[in-house]
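Each reported figure results from applying straightforward, stated rules to the coordinates on display, with no laboratory input. Bear in mind the structure is a predicted one, so any value in this text is a computation, not a measurement. When we count neighbours, we look across all protein chains shown, and the Cβ atoms used for this are built from the backbone with ideal geometry, even at glycine.
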Amino acid sequence: MDIQEELKKYFPQMEKQLNKEELEDFIHSEYKDLSQFHFGMGRWIRNRLLKENSTLYQLFKINGAANKDDMSQLMIKLFYIYLKNKYKQP
């Protein structure tokens with residue numbers, strides 16, 4: 001199984017966790033400032049999506065991710081890129 005394909009399955013679920021204002025704030029954040037989402041969105045990811053028996057967690061481990069903090073931070077960054085592409089202005 002491919003980790004990129006597995007991650008894409010979770011992005012719509014992550015997006016549903018944000019209300020309109022939160023989504024706007026997230027999209028308009030700077031990439032370099034995404035660490036500010038570590039305790040809110042990151043905690044939700046770690047508690048809900050990165051269960052140790054999940055395929056996603058196992059794929060991260062196989063691919064060298066050290067811990068759930070690293071995994072969630074990478075997911076936030078990839079989710080940011082996903083949303084920037086989804087909502088890009090023409």
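Compute the signed sum of charges (Lys and Arg +1, Asp and Glu -1) over the other residues within less than 13 Å, Cβ to Cβ, of Y10.
Values: positive: K8, K9, K16, R46, R48, K51; negative: E5, E6, E15.
Value of the local net charge: +3.
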The stretch 1-45: GluC sites (Glu not before Pro) in DSSP loop, at most 13 other beta carbons within 10 Å: E30
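Could you size up the charge dipole of the stretch 3-86 around its Cα centre, putting +1 on the beta carbon of Lys and Arg and -1 on that of Asp and Glu, and report it in debye to the nearest 20?
Details: 14 positive and 12 negative charges, 57 e Å.
My answer is approximately 280 debye.
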With Cα atoms, 0 to 90° folded angle of helix 3-16 axis to the chain main axis: 50 degrees
DSSP loop trypsin sites (Lys or Arg not before Pro) with at most 14 other Cβ within 10 Å: longest gap in the chain: 1-50
I62 versus E30: modelled label distance in nm, points set 7 Å from Cα along the beta carbon direction: 3.8 nm
Where a label projected 7 Å from the Cα of R43 along Cα→Cβ would reach, residues of the stretch 67-85 with amide N under 15 Å: 69
Relative intensity, log₁₀ I(q)/I(0), of the stretch 3-86 from a Debye sum that treats every alpha carbon as a point, q = 0.15, 0.16, 0.17, 0.20 Å⁻¹: -0.50, -0.57, -0.64, -0.90
Relative contact order [Cα under 8 Å, 6+ residues apart], the stretch 23-90, whole percent: 43 percent
Charge dipole (the stretch 6-90, unit charges on Cβ, about Cα centre) - positive-most of L7, Q36, F26: L7
Set of lysines near K20 by C-alpha distance (under 26 Å), chain-local residues within fewer than 8 positions excluded: K8, K9, K32, K77, K84, K86, K88
